[in-house]
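A short worksheet on the structure shown next.
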């Protein structure tokens, strides 16, 4: 029939409609599951997560990662010690080295990311705050007078530090800025900071070298300001447009580095005694496994110090990692604070004769490895003495208070 719909045309239309609906449903379903840790696979390699930033400030697909609907809790959350170890040294440091952690987040990330920070590493900070554009009393989240969006991160950072300076200056000695996809080992942060004076203008993090003569700290790896550095930033740098960028634009970490340098805040070295980094801008896998980070990546040119990939990448007392999906936060929490190898303990001494007698073995470690091992053992002895001293000082303070 002229101008009418033929039977064949109707069939074609119906089939097309069904395929279109099916494709749309599959796409929507796969997108809804996009929030969990992805497996990136190439013909040669399989990675836990395939996200590698194209530049120092990229997040890309990380914005879509989500965690479990409810926070994960362990029955032994009250105790973080491994078998045969003690929390005393960490607890004493927590009393003496007060750390405020503020976490950059936004309303859409409160449930998917921020609450998992609170359930894991955030609870170990002396003070924990989340900076957003809306109030959330459960976290708690502070409402800052800045709109959301990556173009406003610098403005948001300035407002966050101003808020901390106004309301929390006397509640902490050190002030950490972190992202809601960062993971911090707060005990290691305190252990590092114990040798530094918060009354001096200092800040620490993963030190990058472009654009600022003394370098600046990567925003993703997180950075920590001393109390004096915070005072200099808020009272001298931010109010002065000649010292600190006054508009909303610019890369947050770079602009922070410029501001702090202009008011006499020193960019410190946070590496350990063996030159290994404590603040790390990627997940552990990307640092520990050689070859994941491309050889021509910006990262290699940005590092202030010579950087290694592989087992020597990161300090045994690492402080932070970045681009950590919520699920991985709980994995790190388990490995760091709960997993216990039965029958093994951290040894504070070593039978050097046994090490020497094994040197004739063709599979024995190199002289450099032995020296590094002995140095680590010596550091452990020093740490043990420091812990005992902290306990002794605390007992003296308690007796003086009682009298």
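Hey, does the stretch 209-216 have a residue that's free of Cβ contacts under 8 Å to residues at least 60 places away in the same chain, under 18 Å from the mean Cα position of the chain (by Cα) and not in a helix (DSSP H, G or I)? Yes: one or more hits.
Do we have any residue at all in the stretch 155-173 that's part of a loop (DSSP other than H, G, I, E, B), within 24 Å of residue 254 (Cα to Cα) and assigned by TED's automatic domain parsing to the domain that holds residue 270? Write out each step before concluding.
The initial filter retains those residues of the stretch 155-173 that are part of a loop (DSSP other than H, G, I, E, B), namely 172-173.
Retained after the next criterion (residues that are within 24 Å of residue 254 (Cα to Cα)): 173.
Those still in the list that are assigned by TED's automatic domain parsing to the domain that holds residue 270 too: 173.
Yes, because at least one residue in the stretch 155-173 is part of a loop (DSSP other than H, G, I, E, B), within 24 Å of residue 254 (Cα to Cα) and assigned by TED's automatic domain parsing to the domain that holds residue 270.
Identify, from the list 176, 146, the residue that is at pLDDT 95 or above, outside any helix (DSSP H, G or I) and within 26 Å of residue 262 (Cβ to Cβ). Step by step, each of 176, 146 is checked, and only 176 is at pLDDT 95 or above, outside any helix (DSSP H, G or I) and within 26 Å of residue 262 (Cβ to Cβ).
Please verify whether the stretch 122-140 includes one or more residues that are at pLDDT 95 or above, more than 15 Å from residue 278 (Cα to Cα), in a helix (DSSP H, G or I) and out of contact with any strand residue (DSSP E or B) (no Cβ under 7 Å at 6 or more places or on another chain). Within the stretch 122-140, one or more residues are at pLDDT 95 or above, more than 15 Å from residue 278 (Cα to Cα), in a helix (DSSP H, G or I) and out of contact with any strand residue (DSSP E or B) (no Cβ under 7 Å at 6 or more places or on another chain).
Tell me, which residue of the stretch 186-208 that is part of a strand (DSSP E or B) and out of contact with any helix residue (DSSP H, G or I) (no Cβ under 7 Å at 6 or more places or on another chain) is surrounded by the most Cβ atoms within 10 Å (Cβ to Cβ)?
So the first thing to find is which residues in the stretch 186-208 are part of a strand (DSSP E or B), and the list is 202-205, 207-208.
Within this subset, residues satisfying the condition of being out of contact with any helix residue (DSSP H, G or I) (no Cβ under 7 Å at 6 or more places or on another chain) are 204-205, 207.
Working: 204: 26, 205: 29, 207: 26.
Filtering first and then ranking leaves 205.
So, restricting to helices (runs of 4 or more DSSP H) that lie completely within the stretch 285-403, which ones have at least 2 residues that are touching a helix residue (DSSP H, G or I) at 6+ places or on another chain (Cβ under 8 Å) and modelled with pLDDT of 90 or more?
On the way: elements: 298-302, 326-337, 352-357, 367-402.
Here the list reads 326-337.
Checking each residue in the stretch 237-273 for being in a loop (DSSP other than H, G, I, E, B), touching a residue at least 60 places away in the same chain (Cβ under 8 Å) and touching a strand residue (DSSP E or B) at 6+ places or on another chain (Cβ under 9 Å) picks out 265, 268, 269, 270.
The values are calculated or read from the model by the stated rules, or taken from the named source; none is laboratory data. Nothing here was measured: the structure is a model prediction, and the numbers come from that model. We place every Cβ from the backbone using ideal geometry, glycine too, and count neighbours over all the protein chains shown.
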